[in-house]
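Here's the structure we're looking at; comments come further down.
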Amino acid sequence: MAAWTTFLTEMRQVLRDGPTDRLRWRKKVFGEVDGTNVRFKTFEFRRVTNLSTAADPLGVYLDGVRTTALTDDLTTGVFTLGAAPAEGVSVEASYYCQTFTDTELTQFVTNAAEWLGFDAPSQVVLGLQASAREFAAGEAFHALSRMYADKLSETFLLEDAPDADRVTAAQTYKTLSDAHYTQAKSLRDDYYTRQGQSLQPLFGVVAGNVKRIP
């Protein structure tokens, strides 16, 4: 039996969370535009585009004119400019972001493998990998539901984070999570009942004669 080694790539595809799946185009960033501040921050929790090395058309835009950040910290999303934008200048950025790290996705698939009775993702048999992907997606959306249940203002110190939108997002991700869990169970049961057919014995009967014992 071949080991399941492609689960990370497959989960990125299921969740549409690959390195170029989530584009943010000319999105406004956080930071005072007062003629002295050079430090700004993008909104997303995990940005994958380094704004100090990004190629056109990605990068920082000042009043629509593309520029390059002096430094960039992808862990925090904070970047610095070589010169402070003048007061009133629009500071935007174009970049790609991802929602989950490889470590998180691996844990989601590990949870799925354990739910199916395996010790590790690599051991999940081919016929149950679809179920594992669905269960892992359920775990992912459940994590997003919890994330949006926390007030964004607690992370960014914002007063304008719309509470209603936050609640709606949390509920939407919870609904998606439940749907994926349900599909995972269906695919698991389908596998064990031979794609929806009635349960069949895993043994056969061989017809023949048995010598009579006196």
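The values are calculated or read from the model by the stated rules, or taken from the named source; none is laboratory data. In this text, all values refer to a predicted model and were calculated from it rather than measured experimentally. Glycine also receives a Cβ, built like all others from the backbone with ideal geometry; neighbour counts cover every protein chain displayed.
Just the residues that are over 16 Å from Trp25 (Cβ atoms), outside any strand (DSSP E or B) and either hydrophobic (A, V, I, L, M, F, W, C) or touching a Lys or Arg at 6+ places or on another chain (Cβ under 9 Å) (or both), please, taken from segment 52-74. Once the filter is applied, which keeps residues that are over 16 Å from Trp25 (Cβ atoms), outside any strand (DSSP E or B) and either hydrophobic (A, V, I, L, M, F, W, C) or touching a Lys or Arg at 6+ places or on another chain (Cβ under 9 Å) (or both), segment 52-74 yields Ala69, Leu70, Leu74.
Within segment 14-25, no residue that is at pLDDT below 95 sits with its Cβ atom under 7 Å from a residue that is exposed (fewer than 14 other Cβ atoms within 10 Å of the Cβ) at 6+ positions apart or across chains. Counting the residues of segment 74-122 that are closer than 14 Å to Gly59 by Cα and free of Cβ contacts under 8 Å to residues at least 24 places away in the same chain gives 0. Taking the numbered list (1) assigned to a loop (DSSP other than H, G, I, E, B); (2) out of contact with any strand residue (DSSP E or B) (no Cβ under 9 Å at 6 or more places or on another chain); (3) touching a residue at least 40 places away in the same chain (Cβ under 8 Å) in turn, Thr49 passes all entries but (2).
Here Phe118, Phe108, Phe135, Phe141 are screened, and the one residue that is among the aromatic types (Phe, Trp, Tyr), surrounded by fewer than 19 Cβ atoms within 10 Å (Cβ to Cβ), modelled with pLDDT of 95 or more and more than 30 Å from Gly35 (Cβ to Cβ) is Phe118.
Here Thr99 clears all of (1) of a type in the set (Ser, Thr, Tyr); (2) modelled with pLDDT of 95 or more; (3) closer than 30 Å to Tyr181 by Cα except the condition numbered (2). Residue check: Thr80 meets all listed conditions (1) surrounded by 16 or more Cβ atoms within 10 Å (Cβ to Cβ); (2) in the same structural domain as Thr36 (by TED's automatic domain parsing); (3) under 20 Å from Thr20 (Cβ atoms) but one, namely (3). With the requirement that a residue be at pLDDT 95 or above and more than 20 Å from the chain's Cα centre (by Cα), what does segment 1-13 give you? Once the filter is applied, which keeps residues that are at pLDDT 95 or above and more than 20 Å from the chain's Cα centre (by Cα), segment 1-13 yields only Ala3.
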